[in-house]
1. Can you tell me which residues in region 85-125 are among the polar types (S, T, N, Q) and within 18 Å of Lys56 (Cα to Cα)?
2. Arg53 passes all but one of (1) modelled with pLDDT under 90; (2) farther than 18 Å from Val131 by Cα; which number fails?
3. Return only the number of the condition from (1) at pLDDT below 85; (2) surrounded by 15 or more Cβ atoms within 10 Å (Cβ to Cβ); (3) under 15 Å from the mean Cα position of the chain (by Cα) that Lys132 does not satisfy.
4. Filter region 76-129 down to the residues that are assigned to a loop (DSSP other than H, G, I, E, B) and surrounded by 11 or more Cβ atoms within 10 Å (Cβ to Cβ), then identify the one that is nearest to the chain's Cα centre (by Cα).
Amino acid sequence: MLAKHGAKQIADRLGLSVQRLYQWAEPAQPNGSGTPNPLDRVAALTAATGETRFIKWLCERAGGYFVQNPAAKPGTCEVSLRECCHDLIEKYADMVRILAITARDGRITTEEAEHLRQNWEGIKSQAEWYVKICESGRFLAKDSQDSSGP
């Protein structure tokens, strides 16, 4: 980042010394030259409070959204592809139903918008879990629930 955008230009824009930027780029160690950078501090603040609103705020400022990685579900060392896919599609269908109901009267209230946001965040989190399971190869080789077909 410093080489691409120029350490001097970044330091000037932030009102910092070039030395401070390079300190932030070094790993922060008790006897090292590194200094905890602002992102390290936000991570520490998040860990200390258990709150993700700081991260959400940063994501919004960058034009995006924060999607929390789902916690590993207990006992899911191997899971059914069919079951996971069905659950995800069902949640998405619920979201579409909510959209249809809330838009029926031609307006969406603040409460309805909040409800939509909560459901959407849940879908994104579950979809992330689904993709992580796909990447890890933890789906059962053949669904035990599959009683049809060869």
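The values are calculated or read from the model by the stated rules, or taken from the named source; none is laboratory data. Not measured: the values here are computed from a predicted model. Positions of Cβ are generated from backbone atoms using ideal geometry, with glycine treated the same way; all protein chains shown enter the neighbour counts.
1. Correct list: Gln118, Asn119, Ser125.
2. Going through the list (1) modelled with pLDDT under 90; (2) farther than 18 Å from Val131 by Cα, Arg53 breaks only (1).
3. Here Lys132 meets the rest and fails (2).
4. Once the filter is applied, the top-ranked residue is Thr76.
Residue-wise test of (1) more than 26 Å from the chain's Cα centre (by Cα); (2) closer than 19 Å to Asn69 by Cβ; (3) among the acidic types (Asp, Glu); (4) not assigned by TED's automatic domain parsing to the domain that holds Glu121.
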residue: Lys8; (1), (2), (3), (4): yes, no, no, yes
residue: Gly15; (1), (2), (3), (4): yes, no, no, yes
residue: Gln19; (1), (2), (3), (4): yes, no, no, yes
residue: Tyr22; (1), (2), (3), (4): yes, no, no, yes
residue: Ala25; (1), (2), (3), (4): no, no, no, yes
residue: Ala28; (1), (2), (3), (4): no, no, no, yes
residue: Leu45; (1), (2), (3), (4): no, yes, no, yes
residue: Glu51; (1), (2), (3), (4): no, yes, yes, yes
residue: Phe54; (1), (2), (3), (4): no, yes, no, yes
